[in-house]
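Structure first, then comments.
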Amino acid sequence: MKVSGVISDFGEDQQAMPRKRVIIVSNQLPLRAWRDSVSNEWCFEFDENDLLALLRDAFPPDTEVRYVGTLKADVDTADQEEVAQVLHDKFSCETIFLPVDMRNEFYHGFCKHYLWPLFHYMMPMTGNDGGRFDRSQWMAYVSANRIFADKVLEVTDRDDEDEDHVWVHDYHLMALPTFLRRRSNRVKLGFFLHSPFPSSDMYKTLPVRDEILRALLNCDLIGFHTFDYARHFLSSCRRILGLHSESNRGHIALEYYGRTVTIKILPAGIHMGQLESMMSEESTLRMAKELKHKYEGKIMMVGVDDLDLFKGIPQKFSAMGELLETNQELRGKVVLVQITNPARSLGRDVQQLLDEANSIAKEVNNKYGEPGYQPIVFLKGPVTTQEKLAYYAVAEFCVVTPVRDGMNLVPYKYT
């Protein structure tokens with residue numbers, strides 16, 4: 001309405017309705033980044049193996065999806081501004097460049113060598129393994145989370161802020177909700193944990209347990225893979241903070257400083273449309289045909305895991321040796337193809353894991369292998385999604401053996 005009582009022509013002067021926007025915040029953007037070998041220019045594409053990249057298809061078509069996070073590559077300071085602009089314009093990504101020292105302390109230190117093992121029920125040990133609590137790493141974690149919050153608030157700084165939903169992912173950013181809530185009380189804030197949440201007995205050994213719980217409670221909604229993880233979180237809130245949850249018609253909620261925090265069990269799923277599309281591609285069909293010919297007459301088992309302490313890869317190789325030891329008729333017939341995704345962190349523990357797996361695979365192959373036959377085929381990534389699907393299509397069995405895991409999607413993809 002331009003003048004009281006007079007309605008303007010709807011087709012000419014109508015105001016555009018605010019567009020709902022979801023801002024997905026994660027430690028790393030779901031992108032592949034590399035330099036072209038000829039032009040030396042940066043190239044980018046969405047990583048179809050990354051669960052967060054697939055989330056775009058989960059929202060209605062009229063929803064704007066933006067990503068906030070760091071790149072999985074080191075970019076020179078001189079190129080950072082240009083790279084950030086390209087990712088903003090072409091990929092709807094807001095890029096954070098953390099100082100190298102902060103990134104190492106935050107990600108490789110506190111996240112990967114302290115929180116990750118603790119959340120998977122591995123107590124830090126004394127000695128020189130670097131697993132003991134280091135307050136400087138915690139301060140780097142807090143500082144990095146603050147930088148993430150600054151970038152998110154840049155994105156949400158607009159007139160129709162109420163149309164923005166911020167969705168924070170995983171244990172790297174558990175302090176982030178505190179910084180967002182302090183500076184924007186209206187923000188619609190959700191958090192999803194992709195790893196297990198340990199029992200309260202394990203969690204309370206964390207020196208900054210209070211700070212992390214209170215930070216998460218600044219969200220409107222907190223999601224977990226399973227009921228057990230949600231139960232462990234609620235138990236920690238009760239035992240450490242004295243907060244009690246209520247359940248009403250299947251909804252679990254906590255009251256925290258006058259706000260209702262909803263707890264949800266939200267197991268991750270797989271993108272069936274993407275898998276079916278890739279399965280029908282000529283390259284996938286060709287690779288499957290080649291693998292079927294290569295392993296003709298053999299029983300193929302396949303495993304696909306991250307190079308991670310908790311995926312049970314050495315145990316899987318030992319079990320393969322035991323299988324061939326106790327079942328002589330399977331020697332020369334059964335093959336385990338183990339695909340490992342590149343390690344997400346550096347450190348002595350990861351190298352020791354790789355050395356142990358290599359040693360066991362070599363021992364089994366030397367003992368039971370023969371010309372033209374290798375019991376364990378150890379493929380150390382990266383392996384494309386099409387290649388993995390080809391192995392899934394040809395394999396008789398999929399072997400998934402984590403000793404402790406969150407939500408492993410490999411069985412779903414294989415099935």
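Overview of results
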| item | result |
| --- | --- |
| Failed item in (1) modelled with pLDDT under 95; (2) open to solvent by less than 10 Å² (accessible area, probe 1.4 Å), with Gln338 passing the rest | (1) |
| Contacts under 6 angstrom Cβ, first residue in the stretch 214-228 being in the same structural domain as Met174 (by the TED database), partner in a helix (DSSP H, G or I), 6 or more apart | Ala215/Pro177; Ala215/Thr178; Asn218/Pro177; Asn218/Thr178; Asn218/Arg181; Cys219/Pro177; Ile222/Leu216; Phe224/Ala230 |
| Members of the stretch 284-304 found to be outside any helix (DSSP H, G or I) and in contact with a strand residue (DSSP E or B) (Cβ under 9 Å, 6 or more places away or on another chain), listed by number | Tyr295, Lys298, Ile299, Met300, Met301, Val302, Gly303, Val304 |
| Of all residues making up the stretch 43-78, the number that are assigned to a helix (DSSP H, G or I) and surrounded by 13 or more Cβ atoms within 10 Å (Cβ to Cβ) | 6 |
| Residue check for Gly303: among the small types (Gly, Ala, Ser), open to solvent by less than 30 Å² (accessible area, probe 1.4 Å), farther than 30 Å from Leu52 by Cβ and touching a helix residue (DSSP H, G or I) at 6+ places or on another chain (Cβ under 9 Å) | no |
| Residues within the stretch 357-378 that are surrounded by 15 or more Cβ atoms within 10 Å (Cβ to Cβ) and touching a residue at least 24 places away in the same chain (Cβ under 8 Å), tallied | 10 |
| Some residue of the stretch 118-130 being outside the structural domain of Leu309 (by the TED database), touching a residue at least 60 places away in the same chain (Cβ under 8 Å), part of a helix (DSSP H, G or I) and under 16 Å from His169 (Cβ atoms) | yes |
| Selection from the stretch 379-404 of residues that are open to solvent by 60 Å² or more (accessible area, probe 1.4 Å) and either outside the structural domain of Met320 (by the TED database) or touching a Phe, Trp or Tyr at 6+ places or on another chain (Cβ under 8 Å) (or both) | Val403, Arg404 |
| When residues of the stretch 107-117 are limited to those that are touching a residue at least 40 places away in the same chain (Cβ under 8 Å) and surrounded by 17 or more Cβ atoms within 10 Å (Cβ to Cβ), the one nearest to Glu154 (Cα to Cα) | Tyr107 |
| Test: residue in the stretch 338-346 that is closer than 24 Å to Ala73 by Cβ, free of Cβ contacts under 8 Å to residues at least 40 places away in the same chain and not charged (D, E, K, R) | yes |
| Residue in the stretch 322-335 that is assigned by the TED database to the domain that holds Ala357, buried (at least 18 other Cβ atoms within 10 Å of the Cβ) and touching a residue at least 60 places away in the same chain (Cβ under 8 Å) present | no |
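Conditions tested, residue by residue: (1) of a type in the set (A, V, I, L, M); (2) open to solvent by 10 Å² or more (accessible area, probe 1.4 Å); (3) modelled with pLDDT of 95 or more.
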position: Arg214; (1), (2), (3): no, yes, yes
position: Cys219; (1), (2), (3): no, no, yes
position: Ile222; (1), (2), (3): yes, no, yes
position: Ser235; (1), (2), (3): no, yes, yes
position: Leu241; (1), (2), (3): yes, yes, yes
position: Asn248; (1), (2), (3): no, yes, no
position: His251; (1), (2), (3): no, yes, no
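The values are calculated or read from the model by the stated rules, or taken from the named source; none is laboratory data. Remember, predicted model here, so these are calculated numbers, not experimental data. Neighbour counts run over all protein chains shown; Cβ positions are idealised from the backbone, glycine included. Accessible surface areas use protein heavy atoms only, side chains included; no ligands, DNA or RNA. Shrake-Rupley method; radii C 1.70, N 1.55, O 1.52, S 1.80 Å.
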